[in-house]
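Structure first, then comments.
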Amino acid sequence: MDKTARKRFIMIGLFAAAVCAAVIFCTLFTPCIAVSLDGERIAYASSEESFLEFERGFRKSLVSDTGHDPAKNAEYTYRSAVCLKSKADDFVSARKKIALYDGVLSEACVLRVNGAFAGGTKTREAIESVLDRLKAKYVSGVEGEVAGFVEDVSIEDGFALPEQITGEEELFDSLMSLGYYEKEYTSFHGDTLVIVASRLGMPPETFAELNPDFPRSRIEPGTKFTLTIGRPKLRVRIDRVVDMHEQIPYETHVEIKEDGFEDDVEVLQKGVFGEKLVKKRVVIENGVVTRTMELESTTISDPVDQIERRGALARLTTGSGALMWPVRGWISSDFGTRESGSHSGIDIAAPQGSVICACDGGEVTYSGDNGLYGLFVSIDHKNGFVTRYAHMSEIIVSEGDRVTKGQIIGYVGATGNATGPHLHLEVKVKGAIVDPNLYLE
Ligand SMILES: [Zn+2]
C-alpha cells in the first residue's frame, strides 16, 4: 500500500468513526431543559411545562397527605442543556429536593389506603409487620385460606410531618380504630338489622349501637334510612373454602279423604331430611361474613317424602250463607199453601236411611224427638240462618256439637207425623220462616 492509499484509508476510517459516534450520541442523548432550585440542579425536563405539571401535582399530593406545602416560595430557573434520554422527566431526586425544601417534612415510608395517606413509619418493614399483624387477627389457619385487604393498600417511599411518623403500635391502633360516616340506604325485600349490618360490613352490635333507631323487627322494602357507618380504615378480607353438611328438605304429599276434617291428619310415611356436603367459598371482612358462594354439592342421602292423609272438610262452625242440599232426593211437597194447610218447609223424599248432611256450618241447638217432627235437628248457623231437619230415622249429632257444611247429621226416616220416608227441611232467616228453595244451591 502506498502513502496516498493509506491516507485515504485513514480518512474513510475517521469519517466512519465520526458517523458512528454521532449516531450513538443521538441515540443516548437529547436536548432538554435543566431545572435548578436555588442554583442547584434538581432535574432535566423535556420542557418547562412538563416540569411544572409534575411540580404542581406533587405539591398538591404533599398538601393532601400532610397539610403542608414545603415549596410554595421556591423559585426555579431553567436553561437549555443536553441530557441522557433516560434522565429527561425523571423527577425522583426533584421530589426529594422539593419535599425537604423548607425543612418541615421528613422522609418516611408511607402507607396508602385507597390512595389516601394512612400512616407513616421510618421503615417499610414496620408497615409490613403491622399489615401482617392485622391479617393474623382474622386468619384461622384453614388450608387454602387467602388473607388480603378490602381496601387497596400500597406502600411507598414518601414524606410526612414528624408527628405523622409513628411506631408500629400506634399505626396498628390507628388502622383498627373506627372511622365514621353517613350513608343513605334503601331497604331491600327481606332486610333485617343483621342482614343490613353484614351488607355494610359491620358486626350487628356495632351497627345497632351507631343506629339506635333502626328497626329491630321486619323492615318494609323501599324504606329510606340515613345510617351511620363505623368502619376501620383498613379491613382484612379472608377468602376461605369450607365444607358444610346441610339438610335437604323433603316434600309432603297429601291424599284427601272426602269424609274427614281438614285438621284430621294421618301420617302414612314420615318425611326424612336428606343430607348433602356443600363446598362453599366464604368471604369474611373483619370477621363479618359478607358473601357465600356454593361451589360444589354432593348428595350423601336423598330425602324421603312425607305422605299424609287428611280430610277435605273445613271445620266451619259459622255458616257461609250458601245452603247445600241436605239429601239426595226429589221434592215431594213444596213450601207454602197446600190442601191440608200452610207448609212451613219442603219435603224431600228419599229412600229410608239416606244420608242427611248439614246445609251449612253451625251449632246444633236441638237434637232429639220433637212430637210431630219426629227425630229432629235444628242448626243455628250464627249468621242469621237456622235450618231444621225433621222425621229422621236416626240422629248422629248432639246438642252443642259444632258441625261443618256437608257433615252427616243423621238419616232419612218417617218418624213423627209422616206417611213415608222423607226429610222435612225448614229454613229460618232472622227468625222468619222462608222458602228453602230460595237459599239452596
Ligand atoms: Zn213437611
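The values are calculated or read from the model by the stated rules, or taken from the named source; none is laboratory data. In this text, all values refer to a predicted model and were calculated from it rather than measured experimentally. Every residue, glycine among them, receives a Cβ derived from its backbone with ideal geometry; neighbour counts consider all protein chains shown.
What number of residues within the range 313-323 are at pLDDT 70 or above and assigned to a loop (DSSP other than H, G, I, E, B)?
3
In the range 91-102, which residues are touching a residue at least 12 places away in the same chain (Cβ under 8 Å) and exposed (fewer than 14 other Cβ atoms within 10 Å of the Cβ)?
The one that is touching a residue at least 12 places away in the same chain (Cβ under 8 Å) and exposed (fewer than 14 other Cβ atoms within 10 Å of the Cβ): S93.
With of a type in the set (S, T, Y), closer than 30 Å to F149 by Cα and either free of Cβ contacts under 8 Å to residues at least 40 places away in the same chain or surrounded by fewer than 13 Cβ atoms within 10 Å (Cβ to Cβ) (or both) as the only criterion, which of S50, S61, S80, S86 stands out?
S61
Out of the range 397-441, which residues are among the polar types (S, T, N, Q) and either assigned to a strand (DSSP E or B) or over 60 Å from the mean Cα position of the chain (by Cα) (or both)?
Those that are among the polar types (S, T, N, Q) and either assigned to a strand (DSSP E or B) or over 60 Å from the mean Cα position of the chain (by Cα) (or both): T415, N417, T419.
Out of (1) free of Cβ contacts under 8 Å to residues at least 40 places away in the same chain; (2) farther than 30 Å from R235 by Cβ, the odd one out for P31 is which?
The failed condition is (1).
When residues of the range 353-367 are filtered for being within 16 Å of the ligand (Cβ to nearest atom) and either surrounded by fewer than 16 Cβ atoms within 10 Å (Cβ to Cβ) or closer than 16 Å to K428 by Cβ (or both), how many remain?
Residues meeting the conditions: 1.
Residue-wise test of (1) over 27 Å from V104 (Cβ atoms); (2) over 26 Å from the mean Cα position of the chain (by Cα); (3) modelled with pLDDT of 90 or more.
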position: E163; (1), (2), (3): no, yes, yes
position: T192; (1), (2), (3): yes, no, no
position: M202; (1), (2), (3): yes, no, no
position: E209; (1), (2), (3): yes, no, yes
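Examine the range 415-424 for a residue that is more than 16 Å from the ligand (Cβ to nearest atom) and among the aliphatic types (A, V, I, L, M), and state whether such a residue exists.
So far as the range 415-424 goes, no, none of its residues is more than 16 Å from the ligand (Cβ to nearest atom) and among the aliphatic types (A, V, I, L, M).
Conditions: (1) under 21 Å from L105 (Cα atoms); (2) surrounded by 15 or more Cβ atoms within 10 Å (Cβ to Cβ); (3) free of Cβ contacts under 8 Å to residues at least 12 places away in the same chain. G158 meets all but one. Number of the miss?
Condition not satisfied by G158: (3).
Restricting to the range 200-256, what's the tally of residues that are of a type in the set (D, E, K, R), assigned to a strand (DSSP E or B) and free of Cβ contacts under 8 Å to residues at least 60 places away in the same chain?
The total comes to 5.
Within the set of pairs 6+ apart or on separate chains, which have a first residue in the range 106-127 that is of a type in the set (D, E), a second that is surrounded by 20 or more Cβ atoms within 10 Å (Cβ to Cβ), and C-beta atoms under 7 Å apart?
E107/F159
Quick check on E251: is it touching a strand residue (DSSP E or B) at 6+ places or on another chain (Cβ under 6 Å) and either assigned by TED's automatic domain parsing to the domain that holds K135 or not aromatic (F, W, Y) (or both)?
For E251, the condition - touching a strand residue (DSSP E or B) at 6+ places or on another chain (Cβ under 6 Å) and either assigned by TED's automatic domain parsing to the domain that holds K135 or not aromatic (F, W, Y) (or both) - is not met.
Any chance the range 388-400 includes a residue that's more than 16 Å from the ligand (Cβ to nearest atom) and either of a type in the set (F, W, Y) or closer than 16 Å to P436 by Cβ (or both)?
no
Hand me the list of strands (runs of 3 or more DSSP E) wholly inside the range 324-395 holding 2 or more residues that are under 60 Å from the mean Cα position of the chain (by Cα).
Those strands (runs of 3 or more DSSP E) span 355-357, 362-369, 375-380, 385-395.
Here's the yes/no breakdown for (1) aliphatic (A, V, I, L, M); (2) buried (at least 17 other Cβ atoms within 10 Å of the Cβ):
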| site | (1), (2) |
| --- | --- |
| D2 | no, no |
| I12 | yes, no |
| A21 | yes, no |
| L28 | yes, no |
| L37 | yes, yes |
| D65 | no, yes |
| E75 | no, no |
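Every residue, every condition in (1) over 24 Å from the mean Cα position of the chain (by Cα); (2) part of a strand (DSSP E or B); (3) at pLDDT 95 or above, yes or no:
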{"residue": "K137", "(1), (2), (3)": "yes, no, no"}
{"residue": "S140", "(1), (2), (3)": "yes, no, no"}
{"residue": "E151", "(1), (2), (3)": "no, no, no"}
{"residue": "I155", "(1), (2), (3)": "yes, yes, yes"}
{"residue": "F159", "(1), (2), (3)": "yes, yes, yes"}
{"residue": "D173", "(1), (2), (3)": "yes, no, no"}
{"residue": "Y180", "(1), (2), (3)": "no, yes, no"}
{"residue": "E184", "(1), (2), (3)": "no, yes, no"}
{"residue": "F188", "(1), (2), (3)": "no, no, no"}
